[in-house]
Structures are given as structure tokens and as C-alpha cells.
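Q: I'd like to ask you about the structure that follows.
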Amino acid sequence: MNCLAINKMASKQKIGYKCRIGGVFFLLLASIAGLVAVAVIQDTWKSKEYGLQYGIVIDSGSSRSNVFVYEWPGEKQNETGVVTEKMNCRVSGVSISKMKVDENKDNETLQGFKKCMGEVMKKIPAEKYESTPLFLGATAGMRLLHAENEQRSNEVLVTLREYLTSLPFMFQNASIISGQEEGLYGWITVNYLMGNFLQKNLWNKYVRPQGAQTVGSMDLGGASTQIAFAIQDDLSGPDYMPVKLYGYPYNVYTHSFLCYGKAEADKQGLAEIIQGSPDPSYIMNPCYPIGFNITMKASMIYNTECIKKPPNYDPDQELFFVGSANSEACGNIVRSIFDFETCSSSQCSFNGVEQPPVTGAFMAYAGFFYIARAVLSEGYTVLNDFNASIETFCHTEWQQLKANKDWVSEQHLRTYCYSAHYIFTLLSQGYKFDENTWKDINFASQVKGTSVGWSLGYMLSMSNMLPSEEIDVFPMTDPLFAGLIFLFSALTIVTFVVVFIILIRTCY
């Protein structure tokens, strides 16, 4: 073999050696790059998946308790959950404000709670029990009881707390909410259900409606009535409450009138009629229809903090009422329970309470709806037509009235002449709705199939304070991620070993 051939062979060996070294280093760099890439992709490309969250609110009113279950995705819109009602269970038995009087009735009510909570457990997954907040809010009935008998009021709440604490849920509190809170949460509920805070766009994303206007709310319960509406002016005071929902601030005027719910207003009217009657054994009641009469014990009327008891009061005294059906006289009695004269502000509703002028649309629900439906019809009405319908209703004979309104219980039907005058007076002379603004009142009980009340608004507000339940979703499954990490790690180690061997051979 000549020298030229030897030189060519040596040159080829050097080139082959360099190629092997280059290939090994390329494999090493590729392995390291693959290892880093897998780790970076798994970390930076991960997404958030939000589990469903649940909340329970018990609305304990003056006539009954209702248990509501709400559900919302953990992903919030500007810190507020998108909440839906999943269940509404009516608790059998007496209202909680009537507890601690009759042990049998207390047991019946507690059994009613247990039955409803059993239904709740079927609606909420068992693994969510411990993270599901549970609230009980007592309204005007308990506010009155607290004023009348604070000890009994406290005993009722202690009993309920003991029971609710024993449940597997995350019990928060059982308390009496203020009238202002009740009004505010009702306003939140109405506007949330009507889509005035959020609506879905074409991409199925929640956005704030363009140019959306909020709607005022009016609630008529058994012991109190509430009005709430947003105002543009920067007013402040005890009846103005700032609230932030879905990232936007609102200034809401809200006031609650204790003793002016339907049941308490009825009692005030009866007390006025008794006072003007010379003979308690035969009392002509212009608010009852012709053909109707009833005997009541005095305790049924005066067993409240809303009415001053007469001299020589006897709770067992029997009072005999006879219907005389005089709509005008009934209206006068209704107006006598209001004070429209006292006012130290630029404008008041009644009893000296400041109120800015009502503007925009309003929804009147709960007792407002049921009375309006019986007298006229639900929905929107005209002021003069509403007033005329009251007179027609009040002058209808009892038997005919029962035949015309067979879907209304007699217990309520006999009171609706007075109640209709009451809500007409409250709205027109109290809240100052006139012929132009009355037509913006919508008498309704539901929005999109969901009952309107304070509890949903309360849950929406509370969802601001509840942490989201987040789950990290990675682009690669755990087995795939582990397999790739193992593969590239193994390649890196093998490549380092090969490089080491080549270096050793080169040196020796």
C-alpha cells in the first residue's frame, strides 16, 4: 500500500471520528432540549378547570321557611359567581318566629327542616358537602319577635344553630338579616334574573349588556315591605347601600318598613275598625264583602308589636265582624295607617322616611303579585284601571267572589279588598308612582321560571367571598408526561456515557 492510499485512509478515519462526535453531541443537545421542552410545555400550557360549587340558603320568613340550593361554576365573572337555583323546598310546620311556644309545633317544624335537608343531600354530591356553605336568614317575623321577646328570639336561633351545625355542610350562620339587606338582596335577584348584570354573547361568554338599565324591586311580605332601586346621584345616608357586582359598582336606595307587610297591615286596619265601632259584638267592616262575617279573638289582632293594645285589653275577647262592602270607606281606613304629612327631606315616602323620586321600570313581587292577580291581573297595568278594579272587587258579594276566584283560599280572599287598597295607597301615595310611572310596574312572582326573593341575591353576594375551586388541567396526561421525561432523561444519560467512552479512548 503506497503512502497516498495510507493518507487517504487516515483522512477518512478522522472525518468518521468527527461525524461520530458531532452525532453524539447533537443527540445530547436534542435530548436536553426535549427534556426541557416537555417540562416547559406541561407547565406553561396547562389550563384551569373549575368544579361546580354549591350553596344553601334558608329563607325564614314571617309565615314559613324555604330551603334553596344554588349552584355555580368555580370560574367567576369579575369575582362574582354565575348562580342558578337547583332546588326550593318549603319547610312544613310553623314559621320559626312562632317556635318556642308549643313543643309539638316545634317538633313538626324541625321535622320539616329534616325532610327538606334530606332532599338537599340528594341534590348535592356527597364529596361537596364539606365545602358547601349553609346560611339561614330570618326576616321581618323574627325582627318583630326580637323586639317583642329577645330571649325567645335567641332561643329559637340557638335551637336552629344546633340542628344546622349537626349537618355535614359548612354551616356559616343563622341570624336575623336587616330590612335593608332584605331589600338589597331582592333587588340583586331581580336584576340578575333579568340579565341586567350579565348576558351571554355570540361566543358563549358572559359580558355586561350594552347600555343595560337596572330595574327597581318591591317586595311585600307578611310583616314588612321593601323597596330598592339604583340611583345615579352620589347620594349617601342610612338608606343608600353601595354594592359591587361583576366588577361594576352600584348605589342602591333601599328601605324596609317593618309592620307594613300584608299580615301586619291587615291587623292595623282591623284595629282602626274596632276603635271606630261602638259595639265589639257587632262590628261593621267596610273592607269585607257583603255576605261574609267572622268571629275573632282579640289576641289574633293585637298579638303584635305593631299595634298598641287598647285599655282593658282582654286577649280572649270575641269580636264579631260583618262585611258591609264600602270601597271608599275601606280606602280611608287604609290611609289612616300611614303618615303622609311628616317629612324633613326634599321628598319622603311616608312616616317621615326620605326617598328619592322613583324612575325606570320596577318589579313588584311576592304579596304585590298575588293581590294584583286576584284583583286585576298580573303583568303591567294602568293606574286608573287598577283603582277601578279594586272598587269592582270590593263590591262583589261573597258567594260570587268565591265563585269568581276559586283558586284563592278563603282566608286570603276575604282580606283582598283591604289589601288591594293597601298596595294601591302604598304605591301611589307612599312611593309616589303616578299615571306615567305606574305603567312601568310589573306585577310578577317569577323571572325565567325562578322565584324572586332575597335568598338568590344573598348567595350572589356571598359568592364574592367564597374562594373558587380550581383544578389544573395539563396538556399531557401523567403517564405520557412521565414516559417522555423518562425517555429524554435516559437518552441524555446514555449520550453522556457514550461521550465519556469516546473521550477515554481518544486519550488512551
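Q: Name every residue in the stretch 126-148 that is in a strand (DSSP E or B) and among the aliphatic types (A, V, I, L, M), in order of residue number. Before the answer, list the steps.
A: Just the residues of the stretch 126-148 that are in a strand (DSSP E or B), to begin with: 133-138.
Scanning the stretch 126-148 gives LEU134, LEU136, ALA138.
Q: Now for a separate question. Taking the stated definitions as given, is LEU157 modelled with pLDDT under 95 and surrounded by 14 or more Cβ atoms within 10 Å (Cβ to Cβ)?
A: Details: modelled with pLDDT under 95: no; surrounded by 14 or more Cβ atoms within 10 Å (Cβ to Cβ): yes.
The answer is no for LEU157.
Q: If only one of ALA366, ALA374, ALA361, ALA388 is among the hydrophobic types (A, V, I, L, M, F, W, C), more than 29 Å from ALA230 (Cβ to Cβ), within 30 Å of the chain's Cα centre (by Cα) and assigned by TED's automatic domain parsing to the domain that holds ASP434, which one is it?
A: Details: ALA366 fails: more than 29 Å from ALA230 (Cβ to Cβ); ALA361 fails: more than 29 Å from ALA230 (Cβ to Cβ); ALA388 fails: within 30 Å of the chain's Cα centre (by Cα).
Checking each option against the conditions leaves just ALA374.
Okay, residues lined up against (1) assigned to a strand (DSSP E or B); (2) surrounded by fewer than 17 Cβ atoms within 10 Å (Cβ to Cβ):
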{"residue": "VAL252", "(1), (2)": "yes, no"}
{"residue": "SER256", "(1), (2)": "yes, no"}
{"residue": "ALA265", "(1), (2)": "no, no"}
{"residue": "GLN268", "(1), (2)": "no, no"}
{"residue": "ALA271", "(1), (2)": "no, no"}
{"residue": "PRO278", "(1), (2)": "no, yes"}
{"residue": "CYS287", "(1), (2)": "no, no"}
{"residue": "ILE294", "(1), (2)": "yes, yes"}
{"residue": "ILE301", "(1), (2)": "no, no"}
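Q: May I pose another question? Which condition from (1) in contact with a strand residue (DSSP E or B) (Cβ under 8 Å, 6 or more places away or on another chain); (2) without any contact (Cβ under 8 Å) to a residue 40 or more places away in the chain; (3) among the aliphatic types (A, V, I, L, M) is the one that VAL158 breaks?
A: Every condition holds for VAL158 apart from (1).
Q: Going residue by residue through the stretch 134-147, is there one that turns out to be touching a Cys at 6+ places or on another chain (Cβ under 8 Å), assigned by TED's automatic domain parsing to the domain that holds PRO242 and buried (at least 21 other Cβ atoms within 10 Å of the Cβ)?
A: Of all residues in the stretch 134-147, those touching a Cys at 6+ places or on another chain (Cβ under 8 Å) come to 144.
Of the ones still in play, those that are also assigned by TED's automatic domain parsing to the domain that holds PRO242 are 144.
Checking the rest, the ones that are also buried (at least 21 other Cβ atoms within 10 Å of the Cβ) come to 144.
Yes, because at least one residue in the stretch 134-147 is touching a Cys at 6+ places or on another chain (Cβ under 8 Å), assigned by TED's automatic domain parsing to the domain that holds PRO242 and buried (at least 21 other Cβ atoms within 10 Å of the Cβ).
Q: Right, here's the next one. Among ILE333, ILE337, which is the only one that is outside any loop (DSSP other than H, G, I, E, B), out of contact with any Leu (no Cβ under 7 Å at 6 or more places or on another chain), modelled with pLDDT of 95 or more and over 24 Å from MET241 (Cβ atoms)? Can you show your working first?
A: Details: ILE337 fails: outside any loop (DSSP other than H, G, I, E, B).
Result of the check over ILE333, ILE337: ILE333.
Q: Let me ask something additional. Could you grab me the full set of residues in the stretch 399-413 that are touching a helix residue (DSSP H, G or I) at 6+ places or on another chain (Cβ under 8 Å) and either outside the structural domain of GLU328 (by TED's automatic domain parsing) or touching a residue at least 24 places away in the same chain (Cβ under 8 Å) (or both)?
A: Of the residues in the stretch 399-413, the ones touching a helix residue (DSSP H, G or I) at 6+ places or on another chain (Cβ under 8 Å) are 401-402, 405, 408, 410, 412-413.
The answer is LEU401, LYS405, VAL408, HIS412, LEU413.
Q: For the stretch 320-376, which residues satisfy the criterion of being crowded, with 18+ Cβ neighbours inside 10 Å and free of Cβ contacts under 8 Å to residues at least 12 places away in the same chain?
A: The answer is CYS348, and nothing else.
Q: Just to be sure I understand, how many residues within the stretch 317-330 are assigned to a helix (DSSP H, G or I) and acidic (Asp, Glu)? Explain how you work it out, then say what you get.
A: Restricting attention to the stretch 317-330, the residues satisfying the condition of being assigned to a helix (DSSP H, G or I) are 327-330.
Restricting the remaining residues to those that are acidic (Asp, Glu) gives 328.
Matching residues across the stretch 317-330 total 1.
Q: Moving on. Check ASP234 against each of (1) of a type outside the set (S, T, N, Q); (2) in a helix (DSSP H, G or I); (3) at pLDDT below 90 and name the one condition it does not meet.
A: So the condition that ASP234 fails would be (2).
Q: Which residue pairs have Cβ atoms under 6 Å apart, sit 6 or more places apart or on different chains, and have a first residue in the stretch 422-448 that is surrounded by 15 or more Cβ atoms within 10 Å (Cβ to Cβ) and a second that is small (Gly, Ala, Ser)?
A: TYR422/ALA265; GLY430/SER349; TYR431/SER349; ASP440/ALA361; ILE441/ALA364; PHE443/ALA364; PHE443/ALA372
Q: For TRP398, are the conditions met, namely being more than 13 Å from SER327 (Cα to Cα) and at pLDDT 95 or above?
A: On the way: more than 13 Å from SER327 (Cα to Cα): yes; at pLDDT 95 or above: yes.
The answer is yes for TRP398.
Q: Now, a different point. Would the stretch 311-319 turn up any residue that is among the aromatic types (Phe, Trp, Tyr), touching a residue at least 12 places away in the same chain (Cβ under 8 Å) and over 29 Å from VAL452 (Cα atoms)?
A: First pass over the stretch 311-319, keeping only residues among the aromatic types (Phe, Trp, Tyr): 313.
Adding the requirement that they be touching a residue at least 12 places away in the same chain (Cβ under 8 Å) leaves 313.
Of the ones still in play, those that are also over 29 Å from VAL452 (Cα atoms) are 313.
Yes.
The values are calculated or read from the model by the stated rules, or taken from the named source; none is laboratory data. Quantities reported herein were computed from a predicted structural model and do not represent experimental measurements. FYI the Cβ positions are ideal-geometry reconstructions off the backbone, even for glycines, and counts take in every protein chain you see.
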